[in-house]
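Trainee: Quick one: the structure is below, questions incoming.
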Amino acid sequence: MPVTILAIESSCDETAASVCVDGRILSNYIATQKVHEKYGGVVPELASRAHLQNIVPVVDLALKESGCSMQSLDAIAFTQAPGLIGSLLVGAQFAKSMALALDKPLIAVHHMQAHVLANLIPDDKPDFPFLCLTVSGGHTQIVLCTSPTTMKVIGETIDDAAGEAFDKTAKLLGLPYPGGPLIDKYAANGNPNRFAFPEPQIAGLNFSFSGLKTSILYFLQNAGSSNVFKEAFTATAEEKQCFIDENLADICASVQHRIISILINKVKKAAKETGIKDICIAGGVSANSGLRKALKETGDKMGWRTFIPAFEYCTDNAAMIAITAYYKFLQNDFVSLNISPSPRAAFDM
């Protein structure tokens, strides 16, 4: 008998639902919350309220698109951690209510595990073991995957995430939220070698982006004259804005080039240390065109097989929750109704 799973994702500001049958995605609906744009970031209380408004229609659309009825479902899955606790609660309570009403098993999914397993959605899948560079606004990790349910983080950021570096830079440049995609857009027309930013020398496979963020801050404060020290002279607001307006594309391209080089150099090191040649990326920043291109080019040079999720599976979505839940279902990895969502959770499995 086929295994049919309804999955719900509500970890931040995306309300999403997906239906999969035997690991094949039949629907994947996402409601994006526009309310946060004027605040320059996600407002947790507003996110929770928007989830309450969106979750019923999103689930209804996912079921209709899939052609599946609620009675045909074999399990209900939801994002249990990590994320904004108010947002997680909406998805968790909805999923538990459905599971109870339909007398179906409940599957709890770790958001970051799901990002990694988004690479198992297409027909062209990596072989185990594989390495996955998981990059988002809150996480930057290199994950060693030996099975769909066995993973180990072998490298991670010791401070800020790569996605945060993109967003912080966008804010310093005066770009609207969300700024990361705009940096990618402007970078396409810029010179990535115009401005030089430092690459942190962090031991092992770990990352650091706090120093790069500080360098970018000083660079803009001095209107491009320095990115190392906060000198006695800083540019006036007018000088800073004039410098940004005249060099926006080159600034974006140079910042993006440095963030990508930090990421790719660590992946190269991880591949050399482990001997693994199947390399994936995942997470919201994996939608960045520069990173996707750099991984492909590096893979061609190093003899890797590279795997890049479709754009719809990079940012937060329920299809990645569904595919993860499918493999959990095969192992009878169910949870009771008294499980609680958590804003933080260990990732190694």
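Trainee: Could you tell me the accessible area of Glu238 in Å² (1.4 Å probe, neighbours in place), rounded to the nearest ten?
Mentor: For Glu238, solvent-accessible area is about 140 Å².
Trainee: Where Lys and Arg each count +1 and Asp and Glu each count -1, what net charge lies around Ser97 among other residues with Cβ under 14 Å from its Cβ?
Mentor: Once all neighbours under 14 Å are counted, the net charge is +1.
Trainee: Extending each Cα 7 Å along its Cβ direction at Arg194 and Gln331, get the distance between those two points in nm, one decimal.
Mentor: Spacing of the two 7 Å Cα→Cβ label points: 4.9 nm.
Trainee: To continue, here is another question. Express the relative contact order of the range 254-326 as a whole percentage, based on alpha carbon pairs under 8 Å and six or more residues apart in sequence.
Mentor: It comes to 34 percent, rounded to a whole number.
Trainee: I need the shape label for the range 105-144. Rule: rounded when a/c is under 1.5, else prolate if a/b > b/c, else oblate, with a, b, c from the alpha carbon gyration tensor.
Mentor: Verdict is oblate for the range 105-144.
Trainee: Could you work out [θ]222 nm for the chain from helices alone, using -39500 (n - 2.57) per DSSP H run of at least four and dividing by all its residues? Round to the nearest 500 deg cm²/dmol.
Mentor: It lands at -13500 deg cm²/dmol.
Trainee: For the chain, which cysteines have no disulfide-compatible partner, meaning no other cysteine Cβ under 4.7 Å?
Mentor: Cys12, Cys20, Cys68, Cys145, Cys242, Cys252, Cys314
Trainee: Right, next: For Leu182, tell me the accessible area in Å² from a 1.4 Å probe, rounded to the nearest 10.
Mentor: Its accessible surface works out to 40 Å², give or take rounding.
Trainee: Same structure again: Tell me whether the range 88-163 comes out rounded, prolate or oblate; compute the Cα gyration tensor, take square roots of the eigenvalues as a ≥ b ≥ c, and use a/c under 1.5 as the rounded threshold.
Mentor: oblate
Trainee: Additional query: Within the accessible area of the range 155-206, what % is carbon and sulfur when the probe is 1.4 Å and the other protein chains stay in place?
Mentor: For the range 155-206, the apolar C and S fraction of the accessible surface comes to 51 percent.
Trainee: Nearest 10 degrees, 0 to 90: what angle lies between the long axis of helix 162-172 and the longest principal axis of the chain (Cα atoms)?
Mentor: 50
Trainee: Still on this model: Express the carbon and sulfur contribution to the solvent-accessible surface of the range 1-122 as a percent, rounded to the nearest whole number, probe 1.4 angstrom.
Mentor: 57
Trainee: Mean separation of Cα pairs under 8 Å and 6+ residues apart, divided by the residue count of the chain: what relative contact order is that in percent?
Mentor: Taking the mean separation of contacting Cα pairs over the length of the chain, I get 25 percent.
Trainee: How far is helix 44-66 tilted, in degrees, relative to the longest principal axis of the Cα atoms in the chain, given as a value from 0 to 90 rounded to the nearest 10?
Mentor: In the chain, helix 44-66 runs at an angle near 50 degrees to the longest axis.
Trainee: Separation of the range 113-178 and the range 295-349 by C-alpha centroid, Å?
Mentor: So the two Cα centres are separated by 10 Å.
Trainee: First select every other residue whose beta carbon is under 11 angstrom from the beta carbon of Tyr29; then total the charges, Lys and Arg +1, Asp and Glu -1.
Mentor: Summing Lys/Arg as +1 and Asp/Glu as -1 gives -4.
Trainee: Lysines within cross-link reach of Lys213: Cα-Cα under 20 Å, excluding same-chain residues under 8 positions apart?
Mentor: Leaving aside lysines fewer than 8 places away in the same chain, those within reach of Lys213 are Lys168, Lys171, Lys185, Lys230, Lys240, Lys266.
Trainee: May I pose another question? Which shape class applies to the range 1-151: rounded if a/c is under 1.5, otherwise prolate when a/b exceeds b/c and oblate if not, where a ≥ b ≥ c are the square roots of the Cα gyration tensor eigenvalues?
Mentor: The shape class here is oblate.
Trainee: Mind listing the phi-derived Karplus ³J(HN,Hα) values for the range 341-349, rounded to whole Hz, using 6.51, -1.76 and 1.60 with θ = phi - 60°, and x for any glycine or proline?
Mentor: So the J values, rounded to whole Hz, are x, 9, x, 9, 6, 4, 9, 4, 9.
Trainee: Quick one: which of 17-30, 319-332 comes out on top by average Cβ neighbours within 10 Å, and what's the full order, highest first?
Mentor: The densest-packed peptide leads the list: 319-332, 17-30.
Trainee: In the neighborhood of Phe209, defined by Cβ-to-Cβ distances under 14 Å, what is the net charge if each Lys or Arg adds +1 and each Asp or Glu adds -1? Mind showing how you got there, number by number?
Mentor: Details: positive: Lys168, Lys213, Arg258, Lys266; negative: Glu156, Asp159, Asp160, Glu164, Asp167, Glu199.
Net charge in that neighbourhood comes out at -2.
Trainee: Working from Cα positions, state the angle (0 to 90°, nearest 10) between the long axis of helix 289-302 and the longest principal axis of the chain.
Mentor: 90
Trainee: Order the peptides 121-127, 162-168, 286-292 from the highest to the lowest mean number of other Cβ atoms within 10 Å of their residues.
Mentor: Sorting 121-127, 162-168, 286-292 by mean packing, highest first, produces 162-168, 286-292, 121-127.
The values are calculated or read from the model by the stated rules, or taken from the named source; none is laboratory data. Nothing here was measured: the structure is a model prediction, and the numbers come from that model. Glycine gets a Cβ as well: all are built from the backbone with ideal geometry, and neighbour counts include every protein chain shown. Note: accessible area is taken over every heavy atom of the protein model, side chains too, but ligands, DNA and RNA are not part of it. Shrake-Rupley method; radii C 1.70, N 1.55, O 1.52, S 1.80 Å.
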